[in-house]
Amino acid sequence: MHEPVQRQPPARSCWRRAAAGLRPAVSALLLIGGAVLMAPHGDLFDPAQLLPFWGAAAVMGLGFALSWTLPAIPRGLFWAVAVPARLALLPMDPGDDIWRYLWEGGIQLQGFSPYHLPPDAPALEALRTPWWMQINHPGTTAIYPPLAQLLFRLHAAVAQQVLLFKASFLVADLGICALLAARFGATRAALHGWNPLVIYGISGGGHYDSWFLLPLVAGWLLAERDPPPRGARIQACIDLLLGLSVALKWITLPLLAHRAWNRWRQLQRAGPVLSTMLLGLAPLLLGALAFCRGPACPLLPTGSSFMRYGRSAEWLPHWIGQLWPWTLRINAVHGLLLLLVLVVLLATTVRLGVFAWRYLLAMLLLSPVVHGWYFIWLMPFAVPSQNWGARLVSLSAFVYFVLPSRLPDWQLTTAERLLLWLPLLLGLLLSGVLQRRARTDPAVQR
């Protein structure tokens with residue numbers, strides 16, 4: 001009898017297996033290497049830094065996009081990228097928001113309230129630092145909520161240094177990564193943990209958004225755990241976590257309203273709703289006591305030009321303004337539109353995470369002021385669905401960073417605006433089509 005012929009696997013198949021085995025390492029190296037390349041190019045007010053910055057972002061973006069093709073990301077590899085990539089950007093020149101944080105924390109130590117005196121107030125002239133000129137909107141009082149201000153003060157009491165603040169934001173961001181990886185697994189959590197926009201915005205740009213996202217994500221995941229949470233203590237913990245987020249960022253207030261409304265729908269009793277509102281608003285109200293002086297408690301600069309008609313990289317308000325130019329002189333009209341959307345979302349959306357995604361998306365589309373790092377807000381809530389809009393805008397949002405080098409002109413061209421926003425919209429459309437196909441054909445995999 002003849003021995004059976006042992007067929008050798010085709011060379012092409014071997015190459016494919018080898019390439020597939022290398023993809024995780026290549027993705028990781030591109031993300032970390034891109035962060036290292038980006039670190040020296042943080043001063044985006046200098047036009048010469050923009051192209052190297054974009055080049056490094058493209059390297060990180062390539063690594064991020066390659067991670068979408070990975071069938072699984074081991075937990076060890078997830079952290080081996082998430083931590084070093086963030087650490088590489090800590091020494092980077094930050095965006096100009098951080099100078100506000102340092103200033104507002106510092107003047108509190110001297111007995112002044114950032115809600116009552118803007119940075120250019122004559123009473124504060126003696127406190128000006130070498131970096132004072134880098135503070136944005138020096139004629140406008142503080143816009144950040146009370147708990148954020150108290151944290152600025154706490155950090156400034158330790159050291160009025162950029163590195164300390166950025167390290168704190170980084171730690172909070174890694175906390176978000178840990179929560180998402182624990183619930184959804186490292187492969188899905190990479191949408192946030194390996195996201196170049198998140199990595200740059202928090203660790204490089206030094207924006208404090210991870211502070212408010214951490215309790216928000218924790219509250220969301222606790223509220224939607226399986227089995228559902230029971231007991232007054234756990235419910236109070238959820239309320240308090242959402243309240244901490246509100247006290248750190250005003251935009252999360254509708255999420256607390258959703259929580260209260262949802263409890264009413266479930267229980268039809270006023271007691272739990274009242275408890276949710278009291279606990280949820282407690283951090284904000286207690287924090288405000290540190291800054292209110294009698295009846296004067298101006299926690300928002302509502303009369304400032306920034307709030308009344310400031311514009312930055314907006315989407316729908318831009319096109320509405322082309323049709324009705326009078327809307328360019330008043331931003332309140334877009335707040336009314338958002339309020340209408342909120343009413344619809346409250347009436348139709350039960351799950352907190354889905355509501356958060358839809359509300360934050362609607363707010364970004366309708367807001368007259370959008371900064372590139374605002375898209376970070378979407379990422380944790382896109383992790384369960386791996387939404388294509390969130391993926392693509394994580395890359396296209398880097399178009400925004402052309403703006404600092406154009407001061408005092410702060411306008412995107414039409415081509416730049418389309419390049420920034422269309423990937424988000426097309427990605428949303430693609431995810432919607434895939435979800436509909438999945439509902440009608442269970443064999444279809446997202």
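The values are calculated or read from the model by the stated rules, or taken from the named source; none is laboratory data. Note that the structure is predicted; figures quoted are calculated from it, not measured. Please note: Cβ atoms are built from the backbone with ideal geometry, for glycine as well, and neighbour counts cover all protein chains shown.
ALA142 passes every criterion in (1) modelled with pLDDT of 95 or more; (2) buried (at least 22 other Cβ atoms within 10 Å of the Cβ) apart from (1). Considering only residues in the stretch 415-436 that are surrounded by fewer than 13 Cβ atoms within 10 Å (Cβ to Cβ) and out of contact with any helix residue (DSSP H, G or I) (no Cβ under 9 Å at 6 or more places or on another chain), the one that is nearest to GLY42 (Cα to Cα) turns out to be ALA415. Close Cβ contacts (under 8 Å, 6 or more residues apart or on different chains) running from residues in the stretch 239-267 that are more than 17 Å from ASP209 (Cα to Cα) and in contact (Cβ under 8 Å) with a residue 12 or more places away in the chain to residues that are outside any helix (DSSP H, G or I) and of a type in the set (Val, Ile, Thr) comprise HIS258/THR349; ASN262/VAL350; ARG265/VAL350.
Among the residues examined, VAL350 does not qualify as surrounded by 11 or more Cβ atoms within 10 Å (Cβ to Cβ) and in contact with a Leu (Cβ under 9 Å, 6 or more places away or on another chain). When you check VAL369 against the structure, is it within 27 Å of ASP96 (Cβ to Cβ), surrounded by 14 or more Cβ atoms within 10 Å (Cβ to Cβ), of a type outside the set (Ser, Thr, Tyr) and in contact with a Gly (Cβ under 6 Å, 6 or more places away or on another chain), yes or no? Spelling it out, VAL369 is indeed within 27 Å of ASP96 (Cβ to Cβ), surrounded by 14 or more Cβ atoms within 10 Å (Cβ to Cβ), of a type outside the set (Ser, Thr, Tyr) and in contact with a Gly (Cβ under 6 Å, 6 or more places away or on another chain).
Rundown of residues vs (1) under 22 Å from the mean Cα position of the chain (by Cα); (2) among the charged types (D, E, K, R); (3) at pLDDT below 95, yes/no style:
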| site | (1), (2), (3) |
| --- | --- |
| TRP377 | yes, no, no |
| PRO384 | yes, no, no |
| LEU392 | yes, no, no |
| LEU420 | yes, no, no |
| LEU426 | yes, no, no |
| LEU434 | no, no, yes |
| ARG439 | no, yes, yes |
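All of (1) in a helix (DSSP H, G or I); (2) touching a residue at least 12 places away in the same chain (Cβ under 8 Å); (3) under 21 Å from GLN411 (Cα atoms) hold for GLY287 with one exception: (3). In this entry, LEU279 is excluded by the filter for residues that are free of Cβ contacts under 8 Å to residues at least 12 places away in the same chain, under 26 Å from the mean Cα position of the chain (by Cα) and at negative phi.
Only residues in the stretch 393-416 that are closer than 16 Å to TYR200 by Cα and among the small types (Gly, Ala, Ser) count as the first member; pair them with residues that are at pLDDT 95 or above and buried (at least 19 other Cβ atoms within 10 Å of the Cβ), Cβ under 6 angstrom, at least 6 apart or cross-chain, and list the lot. As it stands, the answer is SER394/ASN195; SER394/LEU197; SER396/LEU420; SER396/PRO423; ALA397/LEU197; ALA397/GLY372; ALA397/PHE375, since those pairs meet every condition given.
Being under 19 Å from PRO119 (Cα atoms) and either among the small types (Gly, Ala, Ser) or crowded, with 19+ Cβ neighbours inside 10 Å (or both) is true of ALA157.
Identify, please: which residue in the stretch 160-169 is out of contact with any Pro (no Cβ under 8 Å at 6 or more places or on another chain) and buried (at least 21 other Cβ atoms within 10 Å of the Cβ) and is, among those, nearest to LEU66 (Cα to Cα)? Per the criteria, the residue is PHE169.
Taken over the stretch 123-142, the criterion of being free of Cβ contacts under 8 Å to residues at least 12 places away in the same chain and either farther than 16 Å from ASP96 by Cα or in a loop (DSSP other than H, G, I, E, B) (or both) is satisfied by ALA123, GLU125, ALA126, ARG128, PRO130. Taken together, the criteria exclude ARG23 from residues that are basic (Lys, Arg), in a helix (DSSP H, G or I) and surrounded by 17 or more Cβ atoms within 10 Å (Cβ to Cβ). When the stretch 225-249 is filtered for residues that are of a type outside the set (Gly, Ala, Ser) and modelled with pLDDT under 95, the ones remaining, listed by number, are ARG225, ASP226, PRO227, PRO228, PRO229, ARG230, ARG233, ILE234, GLN235. A single member of ALA148, ALA167, ALA181 is under 18 Å from LEU31 (Cβ atoms), in contact (Cβ under 8 Å) with a residue 12 or more places away in the chain and either not aromatic (Phe, Trp, Tyr) or not in a helix (DSSP H, G or I) (or both), and it is ALA181. Close contacts from the stretch 34-57, counting a first residue that is within 15 Å of ASP96 (Cα to Cα) and a second that is at pLDDT 95 or above and among the polar types (S, T, N, Q), with Cβ to Cβ under 8 Å and a gap of 6+ residues or different chains, come to HIS41/GLN49; GLY42/GLN49; ASP43/GLN49. Highlighted here are the helices (runs of 4 or more DSSP H) found entirely within the stretch 186-270 that include at least 2 residues which are surrounded by fewer than 21 Cβ atoms within 10 Å (Cβ to Cβ): 186-193, 209-223, 232-248, 253-267. Return a yes/no flag: does the stretch 192-215 have any residue that is at pLDDT 95 or above, of a type in the set (D, E, K, R) and closer than 18 Å to TRP250 by Cβ. Yes, the stretch 192-215 contains a residue that is at pLDDT 95 or above, of a type in the set (D, E, K, R) and closer than 18 Å to TRP250 by Cβ.
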